[in-house]
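Read-outs: derived from the displayed coordinates by stated rules, not from any lab. Keep in mind it's a predicted model, so treat the numbers as computed, not measured. Cβ placement follows ideal geometry from the backbone for every residue including glycine, while neighbour counts extend to all protein chains displayed.
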Amino acid sequence: MSKESAITAHRTMKKVIILLYAFVLSFVAFATGQEGDVIYINGEKWFLLGKPIGSDSILRRGVDSILPENRDEVTSNWSGYTAYWSIYNKQLFLDSILVECYSEVAKKDYTVRIPTADMQRVFKDYYKKKNILASWVDYNIRAAKGPILYYEHMGYERNHEYEQIFTIKNGKVTDCKSYHNMVAVNGFSFKKSFYDKKAESIAQEFPLHVENYPELADVKIVKFSVGKLQLNSLGQLLDCKVRATISRKEGDERKVIEIDGLAKEMKEKLMEIFPWRTLFINGEYVSEIKNSTYYIPYNIEKLRK
């Protein structure tokens, strides 16, 4: 291979590695709870559940280029910064960007504000007089404050007691919906009932007719998955999606087999429970696992004894 070919191959491989690294980071960030930004509404501080700068690839790269090299890197804030925003005159403005850094000399963290000159260079097309109008934002943004009522360890999938959802069109606020979220019914909880329990005790609490399924003869554990719970204001379970699966080795492969009858039995047991822990989130009555699936290990070997 010639020297020129080797250089070209090296550069190509470097680009591939960078792209793969960026893909992995984006996947991990999506699968990890993120801190979000800060927004001031009528002078009051709220959490902004999102990163509007990141929605524009050019601005995202521009901000990445001006961040200090010694910034803290934490999985809860993969962007490496916290942007501060405000809404006034029915417009969304970017006020500043702060970065947490670490001093190797002083052995402690400190906060850096991105200099105005750097902000002017990256956001030069968005300045309205001395302010940065976020006219690249053309979607809904969500602001929140107060205790967290619902949380998933993924992105910004959580709900606080108070929320405001703003409809933004090219940086201008065209609509706003305010919500007071709460625990509507404090009833049966998946998390409290099953989190620390073993598969044996769960099987005892929810006895099923496992003897009716010959395909379970050599099976010890059945995995139930429960999701798409629909609740009313009283905490009554109206409907849900239940799957019962076993894993069995067939030849060199391991296959997942669904047991529909057993799933139906479990659903009937769950429908008998009343009331369920019910949340009132953004105008709807939902379960504590509203956007996720809950997995229940179930030891059928104990039921045979």
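See the values below:
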quantity	calculated
Burial ordering of 71, 158, 121, fewest other beta-carbon atoms within 10 Å first	121, 71, 158
Mean Cα-pair separation over length for the range 33-180, i.e. relative contact order, pairs under 8 Å, 6 or more apart, %	23 percent
Coordinate range along principal axes, alpha carbons of the range 33-180, Å, largest first	47, 38, 27
Over the range 184-304, relative contact order from alpha-carbon pairs under 8 Å, at least 6 apart, %	41 percent
Residue-averaged 222 nm ellipticity for the chain, from DSSP H runs of 4+ at -39500 (n - 2.57), nearest 500	-7000 deg cm²/dmol
Folded to 0 to 90 degrees: helix 260-272 orientation relative to the chain principal axis, Cα	80 degrees
Cross-link reach list, lysines versus residue 228, counting only Cα pairs under 20 Å and skipping chain neighbours closer than eight places	191, 192, 241, 264, 267, 269, 290
Given 10 as the ceiling on other Cβ atoms within 10 Å, longest exposed-site-free region of the chain for GluC sites (Glu not before Pro) in DSSP loops	105-305
Cut-off 11 Å between beta-carbons: net charge of the residues surrounding residue 136, Lys and Arg +1, Asp and Glu -1	-2
Radius of gyration and maximum dimension Dmax of the range 184-304, Cα, Å	15.5, 51
FRET efficiency, residue 101 to residue 209 (Cβ-Cβ, R0 45 Å, nearest 0.05)	0.15
Anchor residue 249: lysines whose Cα lies under 20 Å away (excluding residues fewer than 8 positions away in-chain)	220, 223
The range 33-180: Lys pairs at Cα distance under 13 angstrom, eight or more positions apart or on different chains	4
Scaled radius of gyration (Cα, divided by 2.2 N^0.38 Å) that the chain gives	1.33
Degrees separating the helix 57-66 axis from the principal Cα axis of the chain, which is the longest one	60 degrees
